[in-house]
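The values are calculated or read from the model by the stated rules, or taken from the named source; none is laboratory data. Note that the structure is predicted; figures quoted are calculated from it, not measured. Glycine gets a Cβ as well: all are built from the backbone with ideal geometry, and neighbour counts include every protein chain shown. For accessibility, only protein heavy atoms count, side chains too; no ligands or nucleic acids. Shrake-Rupley method; radii C 1.70, N 1.55, O 1.52, S 1.80 Å.
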Amino acid sequence: QVQLVESGGGLVQAGGSLRLSCSASGTILDYNSMGWYRQAPGRQRELVAGFTRGGGIRYADSVKGRFTISRDNARNTVDLQMNSLKPEDTAVYYCNAVRLRDEYWGQGTQVTVSA
């Protein structure tokens, strides 16, 4: 059973920083791709940042230059460092992993950025 557990969300003022961490069961090297998505109220879930199947990294245009995704294969974690946060970054952030044809989601962690 694959489990993804997020941590690190919270309330922060605009311009501040937060670091999210996703802890995965098993070795993350087994996953074809991993990343972070977010969903704001009334909006569709969207990719924030992720490691692609080919080993590259993708970022949403809205977070480029502010967010950095990283992975620690030894600890089986994927982190998202979020700097210069804006109120529009407010959302529930989800960790995502794909292994073969199966897709997995964490339970989500709330990030709230106050103006």
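Descriptive notes on the structure:
- If you go through segment 102-113 and keep only what is open to solvent by 40 Å² or more (accessible area, probe 1.4 Å), more than 16 Å from Phe51 (Cβ to Cβ) and more than 14 Å from the chain's Cα centre (by Cα), you end up with Asp102, Thr112.
- Within segment 78-101, the set of residues being closer than 14 Å to Pro41 by Cβ, more than 10 Å from the chain's Cα centre (by Cα) and either of a type outside the set (A, V, I, L, M, F, W, C) or part of a loop (DSSP other than H, G, I, E, B) (or both) comprises Pro87, Glu88, Asp89, Thr90.
- Of all residues in segment 75-101 being modelled with pLDDT under 95 and open to solvent by 40 Å² or more (accessible area, probe 1.4 Å), the one that is nearest to Ala14 (Cα to Cα): Arg75
- Selection of segment 11-29 for residues being surrounded by 13 or more Cβ atoms within 10 Å (Cβ to Cβ) and over 16 Å from Thr68 (Cα atoms) yields Val12, Ala14, Ser23, Ala24, Ser25, Gly26, Ile28.
- The lone exception for Asn96 - which of (1) under 24 Å from Ser114 (Cβ atoms); (2) in contact (Cβ under 8 Å) with a residue 60 or more places away in the chain; (3) of a type in the set (S, T, N, Q) it fails: (1)
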